[in-house]
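Each reported figure results from applying straightforward, stated rules to the coordinates on display, with no laboratory input. The model shown is predicted, which means the values in this text are computed figures rather than measured ones.
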Amino acid sequence: MDGNAYRDWVMLLDSQCGIVDRSQVRQAGFTIRQIEHRLNSGKWQRVYSGVYATFTGPLTHEARLWAALRHAGEGAMLSHETAAELHGLIDKPASEIHVMVPSHRRPAQRRPMRGVVIHRSDQSRPQLPITWKLPRTRVEDTVLDLINAASTFDDAYSWISRALSRQCATADMLRSALTARSRIRWRDELSVALADADEGIYFVLERRYVHDVERAHGLPKAQRQARRQINGKIHYRDNWYAEYRVCVELDGPTYHRNEQVRKDKRRDNLNLAVDGAQTHRFEPPDVTELACQSAAMVAATLRRSGWKGRPHPCRRPGCTVGRQR
């Protein structure tokens, strides 16, 4: 190699964590005999057919991602759970590497890659700029791809929750990507969910409370993630009916029955002692199968605190909220 070629080769190895494919090696000037010599001598190692690691020893996680991309070929991008990892939507690598290629490409006809899932689509766009970085789908497209692969709408909505709560994307970014898609599951439900996000409703449990308890039974609208200062400390309440001094807190399935519970109880007692705020604390069953009973409890507390409205039954069979005299 001359000086320029050698510099380009070093830069390529650096950018791809030492992973190259046969076409890149040949373009750099290596002969087939030279490639085979490096493989047979153990200086290089074959990762997939036509994809090599130009070093000895185990591959890093990033090197494995590059190997999957180089084997998948032109236009390949990391997608789904793998792109979610790179965007910060999930904290641990998925058990499989997900790669997306243009729909006209069929890399699956080549020798299958163990531990790699190939998706074919033209709906997702690459995250830019891609120089020196692993090619991946945009964060908003990653969320929509994962939504399309979800088994239930609650699972789908959890990806919106992650993207918004971790500030990886905005509701407007997701809304724009949704509009651009010709095919997407739960389009109408997603549009409503993004409208909810504009109100600060990010999580599945929050959405269940708003839709199945509050709105379904005609309760007044609460402030979401309301910022309150009590005894010089800042607290955030899931649902705060300021005019009536009533809080509704939602405890998810990972809510710990230990010191956190004791802290929350102390905070609830402090709210009651300082400004007379009454707190209802609901768990997942309270806003799903027991939504009507929860609505009746909140309505009764609100009316005792001055609310002049009346709740009404929801569309569930047997709901009697508001009918009691």
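For H280, the residues whose modelled amide H falls within less than 5 Å of its own, excluding neighbours fewer than 5 places apart on the same chain, are C247, V248, E249. For the chain, the longest principal axis of the alpha carbon atoms and the long axis of helix 139-149 meet at an angle near 80°.
Tell me the mean residue ellipticity at 222 nm calculated for the chain from its helices only (DSSP H runs of n ≥ 4, each -39500 (n - 2.57), averaged over every residue, nearest 500). Don't skip to the answer; put the middle values down first.
Values: 12 runs with 130 residues, N = 325.
Taken over the chain, the calculation gives -12000 deg cm²/dmol.
Rounded to the nearest Hz, the phi-derived 3J(HN,Hα) couplings of region 192-202 under the Karplus curve 6.51 cos²θ - 1.76 cosθ + 1.60 (θ = phi - 60°) are 5, 4, 6, 5, 4, 4, 4, 8, x, 8, 9, where x marks glycine and proline. Working note: Karplus 6.51/-1.76/1.60 with θ = phi - 60° gives region 54-63 the couplings 8, 7, 9, x, x, 7, 6, 4, 5, 5 Hz, where Gly and Pro are set to x. Which angle between 0 and 90 degrees, to the nearest 10, do you get for helix 153-165 versus the longest principal axis of the chain when only C-alpha atoms count? That helix lies at roughly 80 degrees to the long axis.
Please state, as a whole number in µm²/s, the translational diffusion coefficient that the Stokes-Einstein equation yields for region 65-198 at 4 °C and 1.567 mPa s, with Rh defined as the Kirkwood radius across alpha carbon pairs.
So the translational diffusion coefficient is about 86 µm²/s.
Here region 3-60 is treated as a sphere whose radius is the Kirkwood value from Cα pairs; by Stokes-Einstein at 4 °C and 1.567 mPa s it diffuses with a coefficient of 112 µm²/s.
Listed values for region 27-37 are Karplus-derived 3J(HN,Hα) couplings in whole Hz (6.51 cos²θ - 1.76 cosθ + 1.60, θ = phi - 60°), namely 5, 6, x, 6, 7, 4, 5, 5, 4, 5, 4, and x replaces Gly and Pro.
For the chain, a Gaussian network of Cα nodes joined below 10 Å ranks V192, V51, V213 by mean-square fluctuation, and the top entry is V192.
Count the lysine pairs in the chain whose Cα atoms lie under 24 Å apart, taking only pairs 8 or more positions apart in sequence or on different chains. Working shown, then result.
Numbers: K92/K133; K221/K308; K233/K263; K233/K265.
Lysine pair count for the chain: 4.
Taken over the alpha carbons of the chain as equal point scatterers, the Debye sum produces base-10 log I(q)/I(0) values at 0.06, 0.07, 0.08 Å⁻¹ of -0.34, -0.44, -0.54.
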